Amino acid sequence: MSNYEEIDAGETIWRFDRSFLTSNWTCIWGKGCKGINATADETLGHGCCSLGAELDGIDEARDLSAAAATIPPHLFHFHAEAANGGVFSDDKYTATRVIDGACIFHNRTGFAGGQGCALHLASDHFDESPTEWKPSVCWQLPVKVDWEMRDDKVEVATVRGWTRADWGDHGTKMEWCCTEGADAYVGETTVVESLRDELTQMIGDAVYVQLRKRLAT
């Protein structure tokens with residue numbers, strides 16, 4: 001039997017990796033995450049934020065800039081640095097800045113407003129979804145979508161878990177990857193359940209409902 005569940009949505013055919021989506025993977029940031037650096041380190045607390053987030057075009061950069069300006073200062077460790085030098089790594093707005101070894105939005109351990117992503121904390125503060133605040137590459141992790149256009153102009157979108165290869169050259173230098181091994185496969189529910197909001201944002205309500213029903217059988 002194929003390891004992929006296929007849903008034909010007309011102009012897009014969605015293919016879903018059953019193994020990953022029915023696994024009990026869960027984010028273990030702050031609970032044993034060893035980061036994505038050349039040396040595995042549970043104490044550093046950077047998680048997958050050691051690299052600046054790559055942005056998906058000028059529209060996402062514009063949205064991120066607006067979100068950054070809205071974060072309450074008490075929830076943003078590097079609020080002053082953002083105000084003085086901006087949140088982007090370059091004048092083309094391709095990625096977020098890295099400060100002291102991690103993304104500018106990553107609040108460090110011990111910060112009074114809370115450690116972790118300032119954008120995520122702000123979304124909680126305003127009772128909104130993190131998908132409305134964080135760069136797409138951040139809220140989608142560890143889910144990856146591969147897009148392919150067929151000759152008949154039908155898009156095929158394959159939804160799967162991230163691999164080292166998806167990190168590019170950096171992946172060859174990582175000592176640890178959360179989707180490998182057993183460390184992060186300790187969740188209380190399956191990925192299709194625990195990442196419901198993220199998957200719905202990616203594939204739409206109708207396809208998600210079909211997917212959830214199929215993977216439950």
**OP:** For the stretch 89-120, name all the residues that are farther than 19 Å from Leu44 by Cα and crowded, with 20+ Cβ neighbours inside 10 Å.
**Re:** Thr96, Leu119
Original post:
Somewhere in the stretch 182-192, is a residue in a helix (DSSP H, G or I), surrounded by 14 or more Cβ atoms within 10 Å (Cβ to Cβ) and among the polar types (S, T, N, Q)?
Top reply: no
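A quick yes/no check of all residues on (1) more than 19 Å from Cys27 (Cβ to Cβ); (2) modelled with pLDDT under 95; (3) under 21 Å from the mean Cα position of the chain (by Cα):
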{"position": "Ala67", "(1), (2), (3)": "yes, no, yes"}
{"position": "Asn84", "(1), (2), (3)": "yes, no, no"}
{"position": "Phe88", "(1), (2), (3)": "yes, no, yes"}
{"position": "Tyr93", "(1), (2), (3)": "yes, no, yes"}
{"position": "Ile99", "(1), (2), (3)": "yes, no, yes"}
{"position": "Asn107", "(1), (2), (3)": "no, no, yes"}
{"position": "Val143", "(1), (2), (3)": "no, no, yes"}
Original post:
So Asp63 clears everything in (1) within 30 Å of Val154 (Cβ to Cβ); (2) not in a helix (DSSP H, G or I) except one condition, right? Which one?
Top reply: (2)
Subject >> Subset of the stretch 148-158 (residues that are part of a strand (DSSP E or B) and either more than 22 Å from Asp56 (Cβ to Cβ) or touching an Asp or Glu at 6+ places or on another chain (Cβ under 6 Å) (or both)) >> reply: Met149, Val156, Thr158
Original post:
Out of curiosity, is Thr12 within 30 Å of Asp90 (Cα to Cα) and over 19 Å from the mean Cα position of the chain (by Cα)?
Top reply: no
Original post:
Taking the stretch 150-174, which residues are surrounded by 12 or more Cβ atoms within 10 Å (Cβ to Cβ) and in contact with a strand residue (DSSP E or B) (Cβ under 9 Å, 6 or more places away or on another chain)?
Top reply: Val154, Glu155, Val156, Ala157, Thr158, Val159, Arg160, Gly161, Trp162, Thr163, Asp166
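Okay, residues lined up against (1) charged (D, E, K, R); (2) over 29 Å from Asn37 (Cβ atoms); (3) out of contact with any strand residue (DSSP E or B) (no Cβ under 7 Å at 6 or more places or on another chain); (4) modelled with pLDDT of 95 or more:
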{"position": "Trp176", "(1), (2), (3), (4)": "no, no, yes, yes"}
{"position": "Thr179", "(1), (2), (3), (4)": "no, no, no, yes"}
{"position": "Tyr185", "(1), (2), (3), (4)": "no, no, yes, yes"}
{"position": "Glu188", "(1), (2), (3), (4)": "yes, no, yes, yes"}
{"position": "Val191", "(1), (2), (3), (4)": "no, no, yes, yes"}
{"position": "Thr200", "(1), (2), (3), (4)": "no, yes, yes, yes"}
{"position": "Gly204", "(1), (2), (3), (4)": "no, yes, yes, yes"}
{"position": "Val209", "(1), (2), (3), (4)": "no, yes, yes, yes"}
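The values are calculated or read from the model by the stated rules, or taken from the named source; none is laboratory data. All of these numbers come straight from a predicted model, not from anything done at the bench. In this analysis, Cβ positions are derived from the backbone assuming ideal geometry, glycine residues included, and neighbour counts consider all displayed protein chains.
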